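Peer 1: Okay, here's the structure, questions in a sec.
The values are calculated or read from the model by the stated rules, or taken from the named source; none is laboratory data. Computed from a predicted structure; not experimentally measured. Cβ: placed from backbone, ideal geometry, glycine included. Neighbour counts: every protein chain shown.
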Amino acid sequence: MDTSLSIGLSALLAAQKALDTTGHNLANVHTPNFSRQRTITASIPPSRVTALETGRGVATVRVDAVRDQFIDRILLARDPASGAATRRSELLSEIESLFSVDPETSLGAIIDELFNSFRELARNPSGSAERGGVVHQAQTVAIAFNDLAEHLDRLRRELLPATQEVVAKINALAEQVASLNLQIRDCRVNGGEANDLVDQRLTALRDLAQLIPIDVTYDYLDRADVRAAGFLLVANDDTTELAANADDGLCQITVGDSSVPYAPGGGQLGAILDVANAVLPDYLDCLDTLAATIAREVNQRHATGVGHSGSFASIVSTNPVADALAPLNQCRLPFQLQSGHLQVSVIDQTTGEVTQSKLAIHPNTDSLTDLAAALDGVDHLSAQVADGYLQIAGASGYAFDFANKVVTHPGSLGTAAVTLEGNVQLDATDTYTFTADATGTIGTTAGLTVTVTDSTGATVAVLDVGEGYQPGQALSLRGGISVSFGAGDIDATAPDTVAVELVADPDAQGFLAALGINTLFGGSDAASLRVRPEVAADPERVAAGRSDDGGDNANALRLADIQDEALAALGSETVDGYYAAFIGRVGLDAQMAQTGERTATLLLDAAQNQRDAISAVNQDEEAVNLLRYQQLYAFAARYVRSVEELTDELMQIL
Amino acid sequence: MTLRVTQQSAMRAALSSARRASENLAVAQEQLATSRRINRLSDAPLDAARAHRVRAQTSKFEQHKRNLEQAQHEIEYAASTLQDASDIFVEAREICIRAADSATDPTARQAMAFTVDGLIDTLLRRANAQYNGRYVFAGTANDTQPYAEQYDDGRIASVGYEGSRTCAALDVGPRARVETGEAGPSVFGEPGSEADAFAALIELRDLLRNDAELSEGELAQALTDHIERVTEVHDQAIDAASRLGWRSTQLEYTRTTIDDATLRNAELTSTLEDADITAAAGALYRQEAALQAALIVAARLMKNTLLEYLE
């Protein structure tokens, strides 16, 4: 009887345990990473092995969790890609939202309007409304660049706290894994299974894998060692901490006591670092390149034009240098300079005569003081450096500019003075040589001519200066200039020649733009770009022309032409082409991130489905198990009741 | 291999479908609300980049057209003024021919001299004509009166030119820059030269007045010789008018080209940026149905368990 009761009791206990396990499964049906459990039973053998001895019931040997470590590894391998893709997509979508696609308010549209304002100015170069329009549009461009740079930079700065937050989570999860390792070890040592602890550790590992790629190995006591791209994050119950700091504007991760930067290579942390240290700086660099190039090209052309009041009585640079004795290329000017020439024209305001000086400048050796000395050496001009600024002034009765005027008196042909007038309108610098073709007297000798040739020897013009020509009468030449010959004799046998250099660009290297002399923009990147306050306050300073003629729009046309030029600083792209390529890249990066997120999610879902197929709780299965074990319990109880009744009957007999 | 499907994986699949349908529905709604296919760069990055280039080009074309209209008005005004100048030279030539006739008496020549004085004055006013407050024949110095007369004994003795010899230009099309006028010397001749129109008329007047007291024969010969000079300055003005006329014709062709290019750009911009409303409406309907289907499936999945059938 005693054995019979034990058999019944063992059945009741086994059924109870199975019901408890089923209940535990049902309670955790929605617990992430829970592995369903099942009881493993075995029959209890008889105490003596004889012919008529029966077993002694059933015992629950252990409770197993149904899991596949291979599938778990696949999930841990796919989690970093999912975490990285999601975070990257989120960040790039936020960056993308800063670039408007509106046809009127996008940065590209605003830049185009700047060039249109130059074209409007070309229609009426003396109009104050048109000049005001240029200033207004230049300010709008500067503000648009400033805003976009500020937003991108703010986003970059905000990624450091985000990085620190992720690093704190990684450290906390590593601690959690280490703690669970300890508990699992204790459980195993005491003969337990630790199924729930293992599931909790898997959850912590998967959360960790979303943040940083990891590689997990297990020892004989089922403790997990976690490696993260080259270092041991968790070793049994020990952890190594990560730290995040800013270094020279970049987010940097360090491991433990090491100061060597750590590259996580994936996960949310990798995505944030990539955006903070690569993507955003790259976008900012592109923006800065565009802003700096527009500023430099506009300034270079603006500097070699003149405003409404014409040439200057005095002018001061607006980009100071810290050390006036240091070579110019060491003075942190907006851009590096190449050796070249600067041509300055000095105009006698009484006679209108123009004299020119061409200064050679070597920015790797010449300082601002050297440049001031060279300018000071020009007749009727004075120059000095004060507080790092270059000050240039014309003598009383003289004005100066850096426009492409032509020297008035380049020399004499024989005894006939040669006089030039106008502004050079050539694509490239050239030298015109005036040569007497015959011997005779200007204006008297029949058929007397002077041939003008260019630097290649090609004939530019053959000028009739013989009978019928009035000495002093202007004759037009190609290239925007006119020439007249004074009374006198010329001799072809000498031969009488006069050569004059016609400089197409008086400042091809951009010395004026670098020093901020007669420029429209100040600043050297997207964040610092601005319209010079003097020009903003007085739009008459906008250099629409290259002379003080009211209808001279040559410089306005040059400024507008920038839009269509392939610029070396933009990789031989035009301004529009560069901007289009830039926004195309921003859009493609965001689109690819979104596609990557969808793909990573699909892959992760597929792996998760595989795990669920093996380890997740099926409510219908558990419902059947409930019925089964409930019935087993009922039958076991009936058996115990039967044994009790038998015992009662036996007692009655005795 | 039999796949064990749990409620979790089934629910995950249903929610994933519902999420995808919601995303696509949102895209269709946005396209309908904004009538634009590209509402952010990632919607169509390459098309967004291309659309920017096309818009920049269109904006330039619009500016070119404004410039073209201004240039055309200025050229037409200059041509019209030159027509008046041409009439002056025609009249001067006729006077020169009549005066050269030996039958013309000195009194008549004096009257003709007075008429030529008037012609000089009229020509001066034509040479200093203004359009929109700017001198037409002053070159780039169009805020300064280009021609100034010097008097001697109450009569105009010479006319000097104080304008510029270069003209302003405007962009009227892609790589099409056109000068919008003619500087005075190219129309009325370089002052002091044989081509100087004012000098020719002044000399004619002086011949008619016979200030040099030439004999009848000498005077008739001088007047005969002067006919050619007046003809040459007339031809000079006609040449200038022809150049202006040719430029005006060119501008008409350019206008047509710009109009065509602007229209093509507008079509291209529409193709790149505008939403196909019909397609978007169809997509909206389809995605709505897809979302509803996904939600119905999710609801059914939650209901179908063994417990529903156990008493």
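Peer 1: Tell me the residue from B:15, B:82, B:25 that is within 30 Å of residue A:621 (Cβ to Cβ), more than 9 Å from chain A (Cβ to nearest Cβ) and among the hydrophobic types (A, V, I, L, M, F, W, C), please.
Peer 2: Details: B:82 fails: within 30 Å of residue A:621 (Cβ to Cβ); B:25 fails: within 30 Å of residue A:621 (Cβ to Cβ).
The conditions single out B:15.
Peer 1: Checking the conditions here, which among B:66, B:4 is among the charged types (D, E, K, R) and at pLDDT below 90?
Peer 2: Going through B:66, B:4 in turn, just one is among the charged types (D, E, K, R) and at pLDDT below 90: B:4.
Peer 1: Can you pull out the helices (runs of 4 or more DSSP H) entirely within segment A:498-567 that have at least 1 residues that are within 14 Å of chain B (Cβ to nearest Cβ) and surrounded by fewer than 23 Cβ atoms within 10 Å (Cβ to Cβ)? Give the derivation first.
Peer 2: Working: elements: A:511-515, A:533-537, A:554-561.
The qualifying helices (runs of 4 or more DSSP H) are A:554-561.
Peer 1: In this structure, does residue B:134 turn out to be away from every other protein chain (no Cβ under 12 Å) and at pLDDT 90 or above? Write out each step before concluding.
Peer 2: Values: away from every other protein chain (no Cβ under 12 Å): no; at pLDDT 90 or above: yes.
The answer is no for residue B:134.
Residues checked against (1) under 27 Å from residue A:582 (Cα atoms); (2) crowded, with 23+ Cβ neighbours inside 10 Å:
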| residue | (1), (2) |
| --- | --- |
| A:254 | no, no |
| A:257 | no, no |
| A:268 | yes, yes |
| A:271 | yes, yes |
| A:274 | yes, no |
| A:277 | yes, no |
| A:282 | yes, no |
| A:288 | yes, no |
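Peer 1: Just to be sure, is residue B:33 more than 7 Å from every other protein chain (Cβ to nearest Cβ), within 19 Å of residue A:104 (Cα to Cα), assigned to a helix (DSSP H, G or I) and modelled with pLDDT under 95? Don't jump to the end; show me each part of the working.
Peer 2: Working: more than 7 Å from every other protein chain (Cβ to nearest Cβ): yes; within 19 Å of residue A:104 (Cα to Cα): yes; assigned to a helix (DSSP H, G or I): yes; modelled with pLDDT under 95: yes.
Taking the combined requirement at face value, the residue satisfies it.
Peer 1: Turning to a different aspect of this structure: Identify all residues within segment A:231-263 that are of a type in the set (Ser, Thr, Tyr) and without any contact (Cβ under 8 Å) to a residue 60 or more places away in the chain; write none if there are none. Working first, answer last.
Peer 2: Within segment A:231-263, the first condition is being of a type in the set (Ser, Thr, Tyr), and the residues that meet it are A:239-240, A:254, A:258-259, A:262.
Once the filter is applied, which keeps residues that are of a type in the set (Ser, Thr, Tyr) and without any contact (Cβ under 8 Å) to a residue 60 or more places away in the chain, segment A:231-263 yields A:254, A:258, A:259, A:262.
Peer 1: Ok, one more. Any residue in segment A:15-29 that is under 60 Å from the mean Cα position of the chain (by Cα), closer than 30 Å to residue A:609 by Cβ, not in a helix (DSSP H, G or I) and not hydroxyl-bearing (Ser, Thr, Tyr)? Outline the logic, then answer.
Peer 2: Within segment A:15-29, the first condition is being under 60 Å from the mean Cα position of the chain (by Cα), and the residues that meet it are A:20-29.
This time we only want the ones that are closer than 30 Å to residue A:609 by Cβ, so: A:20-29.
Applying the additional criterion that residues be not in a helix (DSSP H, G or I) yields A:28-29.
Next cut, not hydroxyl-bearing (Ser, Thr, Tyr) only: A:28-29.
Yes.
Peer 1: OK, next. Only one of (1) touching a Gly at 6+ places or on another chain (Cβ under 8 Å); (2) farther than 29 Å from residue A:509 by Cβ fails for residue A:593. Which number is that?
Peer 2: (1)
Peer 1: Okay, next question. With the structure loaded, tell me whether residue A:141 is out of contact with any Cys (no Cβ under 9 Å at 6 or more places or on another chain), in contact (Cβ under 8 Å) with a residue 40 or more places away in the chain, in a helix (DSSP H, G or I) and over 30 Å from residue A:107 (Cβ atoms) or whether it fails that test.
Peer 2: So residue A:141 fails the test.
Peer 1: Go through (1) within 19 Å of residue B:237 (Cα to Cα); (2) surrounded by 17 or more Cβ atoms within 10 Å (Cβ to Cβ) one by one and return the number of the condition residue B:156 breaks.
Peer 2: Every condition holds for residue B:156 apart from (1).
Peer 1: If you scan segment B:192-234, which residues turn out to be away from every other protein chain (no Cβ under 14 Å) and either outside any helix (DSSP H, G or I) or of a type in the set (Ser, Thr, Tyr) (or both)?
Peer 2: Answer for segment B:192-234, where residues must be away from every other protein chain (no Cβ under 14 Å) and either outside any helix (DSSP H, G or I) or of a type in the set (Ser, Thr, Tyr) (or both): B:210, B:211, B:212, B:213, B:214, B:215, B:224, B:231.
Peer 1: Taking the stated definitions as given, is residue A:163 under 24 Å from residue A:249 (Cβ atoms) and polar (S, T, N, Q)? If you could, list the steps in order and put the result at the bottom.
Peer 2: Working: under 24 Å from residue A:249 (Cβ atoms): yes; polar (S, T, N, Q): yes.
Yes; evaluated as a whole, the condition is true for this residue.
Peer 1: Output the number of the condition that residue A:220 fails; it satisfies all remaining conditions of (1) closer than 30 Å to residue A:283 by Cα; (2) more than 36 Å from the chain's Cα centre (by Cα).
Peer 2: (1)
Peer 1: With respect to the numbered conditions (1) surrounded by fewer than 17 Cβ atoms within 10 Å (Cβ to Cβ); (2) within 14 Å of another protein chain (Cβ to nearest Cβ), which one is the sole condition not fulfilled by residue A:654?
Peer 2: Residue A:654 satisfies every listed condition except (2).
Peer 1: Continuing with this model, one more query. Do we find that residue B:57 is under 39 Å from the mean Cα position of the chain (by Cα), within 11 Å of chain A (Cβ to nearest Cβ) and not β-branched (Val, Ile, Thr) in this structure? Even if it seems obvious, please write down each step before you answer.
Peer 2: Numbers: under 39 Å from the mean Cα position of the chain (by Cα): yes; within 11 Å of chain A (Cβ to nearest Cβ): yes; not β-branched (Val, Ile, Thr): yes.
Considered against the rule, which asks whether it is under 39 Å from the mean Cα position of the chain (by Cα), within 11 Å of chain A (Cβ to nearest Cβ) and not β-branched (Val, Ile, Thr), residue B:57 comes out as yes.
Yes/no per residue for (1) closer than 29 Å to residue B:244 by Cα; (2) in a helix (DSSP H, G or I); (3) of a type in the set (A, V, I, L, M, F, W, C):
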| residue | (1), (2), (3) |
| --- | --- |
| B:4 | no, no, no |
| B:15 | no, yes, yes |
| B:55 | no, yes, no |
| B:73 | yes, yes, no |
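Peer 1: Suppose the filter is surrounded by fewer than 21 Cβ atoms within 10 Å (Cβ to Cβ), within 12 Å of another protein chain (Cβ to nearest Cβ) and in contact (Cβ under 8 Å) with a residue 24 or more places away in the chain; does residue A:595 pass it? Before the answer, list the steps.
Peer 2: Values: surrounded by fewer than 21 Cβ atoms within 10 Å (Cβ to Cβ): yes; within 12 Å of another protein chain (Cβ to nearest Cβ): yes; in contact (Cβ under 8 Å) with a residue 24 or more places away in the chain: no.
So residue A:595 fails the test.
Peer 1: Now a separate question. Which members of segment A:464-496 meet the condition of being touching a residue at least 40 places away in the same chain (Cβ under 8 Å), surrounded by 17 or more Cβ atoms within 10 Å (Cβ to Cβ) and of a type in the set (Ser, Thr, Tyr)?
Peer 2: The answer is A:482, A:484.
Peer 1: Restricting attention to segment A:102-142, report how many residues are of a type in the set (S, T, N, Q), more than 10 Å from chain B (Cβ to nearest Cβ) and over 19 Å from residue A:553 (Cα atoms). Break it down into steps so the answer makes sense when it comes.
Peer 2: Of all residues in segment A:102-142, those of a type in the set (S, T, N, Q) come to A:105-106, A:116-117, A:124, A:126, A:128, A:137, A:139-140.
Next cut, more than 10 Å from chain B (Cβ to nearest Cβ) only: A:105, A:128, A:137, A:139-140.
Then drop every residue that is not over 19 Å from residue A:553 (Cα atoms), which leaves A:105, A:139-140.
Summing the residues that are of a type in the set (S, T, N, Q), more than 10 Å from chain B (Cβ to nearest Cβ) and over 19 Å from residue A:553 (Cα atoms) in segment A:102-142 gives 3.
Peer 1: Using beta carbons and a limit of 7 Å, which pairs, at least six apart or on different chains, have the first residue in segment A:439-463 and outside the structural domain of residue A:485 (by TED's automatic domain parsing) and the second one part of a loop (DSSP other than H, G, I, E, B)?
Peer 2: none
Peer 1: How about segment A:610-625: which of its residues are assigned to a helix (DSSP H, G or I), buried (at least 19 other Cβ atoms within 10 Å of the Cβ) and at the interface with another protein chain (Cβ under 7 Å from one of its Cβ atoms)?
Peer 2: The answer is A:612, and nothing else.
Peer 1: What is the one condition in (1) out of contact with any Pro (no Cβ under 7 Å at 6 or more places or on another chain); (2) within 8 Å of chain B (Cβ to nearest Cβ) that residue A:575 does not satisfy?
Peer 2: (2)
Peer 1: Quickly run through segment A:442-463 and pick out the residues that are in contact with a strand residue (DSSP E or B) (Cβ under 7 Å, 6 or more places away or on another chain) and either closer than 12 Å to residue A:413 by Cβ or surrounded by fewer than 14 Cβ atoms within 10 Å (Cβ to Cβ) (or both). It would help to see each step written out before you state the result.
Peer 2: Restricting attention to segment A:442-463, the residues satisfying the condition of being in contact with a strand residue (DSSP E or B) (Cβ under 7 Å, 6 or more places away or on another chain) are A:442, A:448-455, A:459-463.
Of everything in segment A:442-463, those that are in contact with a strand residue (DSSP E or B) (Cβ under 7 Å, 6 or more places away or on another chain) and either closer than 12 Å to residue A:413 by Cβ or surrounded by fewer than 14 Cβ atoms within 10 Å (Cβ to Cβ) (or both) turn out to be A:442, A:448, A:449, A:450, A:451, A:452, A:459, A:462, A:463.
Peer 1: Could you check segment A:353-363 and list, in sequence order, the residues that are farther than 20 Å from residue A:517 by Cα and in a loop (DSSP other than H, G, I, E, B)?
Peer 2: The initial filter retains those residues of segment A:353-363 that are farther than 20 Å from residue A:517 by Cα, namely A:353-355.
Selection gives A:353 alone.
Peer 1: Does segment A:68-88 contain any residue that is buried (at least 22 other Cβ atoms within 10 Å of the Cβ), within 12 Å of chain B (Cβ to nearest Cβ) and either closer than 18 Å to residue A:584 by Cα or of a type in the set (Ser, Thr, Tyr) (or both)?
Peer 2: no
Peer 1: Continuing with the same structure: Being part of a loop (DSSP other than H, G, I, E, B) and not small (Gly, Ala, Ser) is the filter here; which residues of segment B:166-191 pass it?
Peer 2: Going through segment B:166-191, the residues part of a loop (DSSP other than H, G, I, E, B) turn out to be B:166-168, B:174-175, B:180-183, B:189-191.
If the condition is that a residue be part of a loop (DSSP other than H, G, I, E, B) and not small (Gly, Ala, Ser), then B:166, B:167, B:174, B:175, B:180, B:182, B:190, B:191 are the ones that fit.
Peer 1: State which residue is nearest to residue A:636 (Cα to Cα) when the search covers only segment A:21-43 and only residues that are surrounded by 15 or more Cβ atoms within 10 Å (Cβ to Cβ) and out of contact with any helix residue (DSSP H, G or I) (no Cβ under 8 Å at 6 or more places or on another chain).
Peer 2: Filtering first and then ranking leaves A:21.
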